[in-house]
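Peer 1: Encoded as structure tokens, here's the structure I'll be asking about.
The values are calculated or read from the model by the stated rules, or taken from the named source; none is laboratory data. If you're wondering where the values come from, they're calculated on a predicted model, not measured in any experiment. Positions of Cβ are backbone-derived with ideal geometry, glycine not excepted, and every protein chain shown enters the neighbour counts. Heads up: the accessible areas ignore ligands, DNA and RNA and are worked out on the full protein's heavy atoms, side chains in. Shrake-Rupley method; radii C 1.70, N 1.55, O 1.52, S 1.80 Å.
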Amino acid sequence: MIAVLMLLILKSGTVSAWSVTLENPNPCALKGSSVEFRCSYNYSKQETVDKTTWHKGELKDGLWKRVKLSDLPSYENRTEYLGDLQHNCSLAIHDVQENDAGYYYFRFDTYTVGWRSKTSVYLSVKELSARVYPDTVRAGDTVTLECTSCQLPSVWFKDGRRVAKTEFQAQVEDAGNYACAVEGQESALSDPVALDVQYPPLSVSAEVSYSGKANSSVNLTCSSTANPPANYTWYKRTDSLSSTVQVGSGQVLSIPSVEQSHTGLYFCQARNQLGENNSTELLTVDVTDKTVNHFILLVGIGVKVVIIIMLTLVIIIWACRWRCSSAVDKEENHNDYENIPTAHTDRHLAQV
């Protein structure tokens with residue numbers, strides 16, 4: 001019966017009126033997003049559309065079959081028919097998953113005949129992902145940021161801050177974690193990827209920890225910023241000051257008991273596979289000066305003590321003299337003189 005109807009349609013020259021048009025036959029969707037198949041269809045004016053259905057190509061028992069989406073449990077509550085029974089046959093799939101990738105077909109039926117699309121929609125599903133290429137570079141090398149986003153406009157972030165360029169020459173401060181997002185959907189970031197920027201030792205410095213006493217320990221510590229981490233070697237200037245001799249290795253050079261022979265100028269060298277650098281300052285270990293300074297300090301303290309003692313004695317002597325002088329003054333100024341007889345008094349008594 002269907003074959004007869006098709007022959008009649010072909011004979012009448014109305015076959016050109018029957019068609020299904022797919023606007024984008026190769027859409028791409030990010031996992032977890034929504035995708036829309038834009039679709040339109042036409043048919044003979046004498047017909048009335050009774051039913052529309054979308055199918056997906058499935059391989060079952062070795063045979064390729066078109067299965068209605070409504071018969072596939074994984075699409076339940078995730079498909080939305082945006083079309084009608086007129087000419088619009090668009091379909092939306094929400095919360096796209098990886099197993100949604102594949103071929104899709106549209107079919108519509110009138111009361112007399114059914115028609116399905118001769119072409120299909122092939123859906124690609126990708127997960128939003130970031131890539132830094134290469135992910136390990138030397139300072140000055142070119143780095144390219146690539147975002148898998150189904151060719152949607154993307155934006156980049158480094159450690160939470162917006163990145164302006166997707167290609168640049170890496171510097172030390174560019175090391176960190178990078179992530180991308182679809183423009184307008186910045187809250188949905190890809191998993192971060194790390195950029196490792198390697199460089200030779202920089203800012204090499206050294207410091208000394210020394211009590212200043214003979215036979216005490218001395219620790220010389222070297223530090224730097226380097227990637228990969230630096231190895232350290234310690235050197236001492238010889239008496240001629242024109243040559244050096246290696247005296248140790250490691251970040252800390254420890255001298256358990258300082259002796260006169262340890263007196264001299266020390267510096268460290270930091271090195272990795274990208275280069276080397278020396279400390280900017282020389283460390284001085286001078287046992288003699290430290291011992292002399294310590295002696296001078298003790299002598300100075302002794303002189304101060306003697307001066308204090310002498311001042312104390314002077315004050316005590318002065319105080320005693322002052323007290324004695326006061327006692328004599330009191331004795332001389334006493335009023336009990338009327339009991340002492342005088343020559344004038346004796347003559348007066350004789351006359352009486």
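Peer 1: Within the stretch 92-105, does at least one residue satisfy the condition of being farther than 23 Å from LEU30 by Cβ, open to solvent by less than 20 Å² (accessible area, probe 1.4 Å) and either part of a strand (DSSP E or B) or at pLDDT 95 or above (or both)?
Peer 2: Within the stretch 92-105 (the criterion being farther than 23 Å from LEU30 by Cβ, open to solvent by less than 20 Å² (accessible area, probe 1.4 Å) and either part of a strand (DSSP E or B) or at pLDDT 95 or above (or both)), the answer is no, since none of the residues qualifies.
Peer 1: Exactly one of (1) at pLDDT below 90; (2) under 24 Å from LYS126 (Cα atoms); (3) among the aliphatic types (A, V, I, L, M) is unmet by LEU22. Its number?
Peer 2: (1)
Peer 1: May I ask you to say which residue of SER223, SER216, SER205 is in a strand (DSSP E or B), open to solvent by less than 70 Å² (accessible area, probe 1.4 Å) and touching a residue at least 40 places away in the same chain (Cβ under 8 Å)?
Peer 2: Of SER223, SER216, SER205, the one residue that is in a strand (DSSP E or B), open to solvent by less than 70 Å² (accessible area, probe 1.4 Å) and touching a residue at least 40 places away in the same chain (Cβ under 8 Å) is SER205.
Peer 1: Test each condition in (1) in contact with a strand residue (DSSP E or B) (Cβ under 7 Å, 6 or more places away or on another chain); (2) farther than 27 Å from LYS45 by Cα; (3) open to solvent by less than 50 Å² (accessible area, probe 1.4 Å) for ASP109 and report the one that comes out false.
Peer 2: (2)
Peer 1: Another question about this same structure. Being open to solvent by less than 70 Å² (accessible area, probe 1.4 Å), farther than 17 Å from SER129 by Cα, of a type in the set (Val, Ile, Thr) and touching a residue at least 24 places away in the same chain (Cβ under 8 Å) narrows it down to one of VAL172, VAL155, so name that one.
Peer 2: Details: VAL155 fails: farther than 17 Å from SER129 by Cα.
Criteria check complete, one pass: VAL172.
Peer 1: Among the listed residues LEU220, LEU195, which satisfies the condition of being touching a strand residue (DSSP E or B) at 6+ places or on another chain (Cβ under 6 Å), closer than 30 Å to PRO256 by Cβ and not aromatic (Phe, Trp, Tyr)?
Peer 2: LEU220
Peer 1: On to the next question. Residue check: is ALA230 modelled with pLDDT of 95 or more and either of a type outside the set (A, V, I, L, M, F, W, C) or under 35 Å from the mean Cα position of the chain (by Cα) (or both)?
Peer 2: Details: modelled with pLDDT of 95 or more: yes; either of a type outside the set (A, V, I, L, M, F, W, C) or under 35 Å from the mean Cα position of the chain (by Cα) (or both): yes.
So ALA230 passes the test.
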